[in-house]
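Structure first, then comments.
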Amino acid sequence: MGQIETESRCDAGITAFDGGMGLGQFMPETAAWIQGKEKSLRDVSMKPTPYDPRWSIRALILYDRWLYGHVDCRDWHYAYRAYNGGLERMNREIRKAGSCDYQGVEAACSRKVIKMKKGLLDMCRVNIEYPYKIRQAGRKYER
């Protein structure tokens, strides 16, 4: 729930500025990929339906599990960062750091800075903060 709140503020109908859709903020290409890979998503729909909470929650969990198995450091912290900013980039930063130490991997981050109407958006900062935001948001759901 912390991840869903972090992604979409629990708004199933939301579309982000970058094209992310629904509760899990799936990009169209990722939605199509996970739909083709995970047969259980076809129990909900024969095509990706990121605005359907049933599809989006199931797809988010399946994608998280897949990422956990493919990130170079088997740690949910890095799986979440891969969800947010891409598996290939995450693994490249881990390899550049030469360890699974959070601070070392954070220091190895080199991503773009996007100019927005309200200022600059540092994609390293966004990606580094992501798992911390998930844990913070998730605390209220622990009970």
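Bear in mind these aren't lab numbers, they're just calculated from the coordinates by the rules spelled out. Keep in mind that what you see is a predicted model, and the values were worked out from it rather than measured. Neighbour counts run over all protein chains shown; Cβ positions are idealised from the backbone, glycine included.
Structural remarks
- The distance from the alpha carbon centre of the range 25-65 to that of the range 104-135 is 25 Å, rounded to a whole number.
- Total lysine pairs whose alpha carbons fall under 26 Å of each other in the range 72-143 (8 or more apart, or interchain): 6
- Estimated FRET transfer efficiency (MET123, ARG143; beta-carbon r; R0 35 Å; 0.05): 0.55
- Mean residue ellipticity, 222 nm, helices only, the chain: the sum of -39500 (n - 2.57) across DSSP H runs of n ≥ 4, divided by residue count and rounded to 500, is -16500 deg cm²/dmol.
- Rounded to 0.05, the FRET efficiency of the ARG74 and ARG9 pair, given R0 = 30 Å and the Cβ-Cβ distance, is 0.55.
- Estimated distance in nm for a label pair at LEU62 and GLU29, the labels positioned 7 Å out from Cα along Cα-to-Cβ: 2.0 nm
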